[in-house]
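Note sheet for the following structure.
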Amino acid sequence: MTSETVRDQPTTRPRTPLAAPVHAIERATVLDPVVTVGDRVSGAIVADDLRRRVLQGAWLGHALHPLLVEVPMGTWMSASLLDLAGDDDSRDGARLLTGVGVLAAVPAALSGWSEYAETDTRSRRVGVVHAIANGAGAGLQVASWVARRNGRHRLGAALGLVALGAVGAGGFLGGHLAAARKVGTHDPSFIPEQPYLS
């Protein structure tokens, strides 16, 4: 039994029913062909050292990805809020917010793939499902923007809500990667066990 296998054995009884499907994703060898594709995508993104350092947030001191995902999530949630609580005058604003979120999803995704390069196999399985969910959500938001642009606001609003469900699921898995799997590059001085060096 490898050290990684030992580390990944649950030591306590799960307190949430969501733990079982997440553990199942971590163990799902059926995802390994998708992981292989993810490895190629991530490898291409981090092949250039300067690009890797920028996307991983080396200049910031910790992973850039959690910061960048705030923009698409915030704009898409705001668009849906305008859809639900606004009036006809809010439609242009909702369309603008949807479009801004689509554009902001590109650097967010690139930074996520750069973090993927630093993970182990179990985290990569979760990572590809995370990416698929977020990719589906972004695709739905593109369709939402197109529908809004063509005057089909109700359809655009409905697509936006479905998209939020997809990116919400992806965000849950992203939270698991960051909090439970400890995925995320950071400056070595931020490791708690290390004394602060001035």
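Computed over the chain, the percent of Cα pairs more than 24 Å apart is 48. With θ taken as phi - 60° and the Karplus curve 6.51 cos²θ - 1.76 cosθ + 1.60 applied, the whole-hertz 3J(HN,Hα) list for the stretch 155-162 is 4, x, 5, 5, 4, x, 5, 5 Hz, x standing for glycine and proline. From the C-alpha coordinates alone, can you work out the Kirkwood hydrodynamic radius of the stretch 87-157, in Å? This gives a value of 13.5 Å.
Projection of the Cα convex hull of the stretch 26-136, averaged over all directions and equal to a quarter of that hull's surface, yields 8.1 nm². Per residue, the solvent-accessible area of the stretch 38-181 (1.4 Å probe, heavy atoms of protein chains only, all protein chains present) comes to 49 Å².
Enter the accessible area of residue 39 (Å², nearest 10), with the probe set to 1.4 Å and all protein chains included. About 60 Å², rounded to the nearest 10.
Expressed in nm to one decimal, what extension gain is obtained for the pair residue 152 and residue 36 from 0.36 nm per residue of sequence separation less their Cα-Cα distance? Show your work: numbers first, answer last.
Working: separation 116, 0.36 × 116 = 41.76 nm, distance 3.92 nm.
Contour length minus the Cα-Cα distance gives 37.8 nm.
Given their separation in residues at 0.36 nm each and the Cα-Cα distance between them, residue 44 and residue 28 gain 3.3 nm when the chain is fully extended.
The values are calculated or read from the model by the stated rules, or taken from the named source; none is laboratory data. Predicted model, so just to flag it, every value in this text is computed and none were measured. Areas reflect the complete protein model, heavy atoms only, side chains present, ligands, DNA and RNA absent. Shrake-Rupley method; radii C 1.70, N 1.55, O 1.52, S 1.80 Å.
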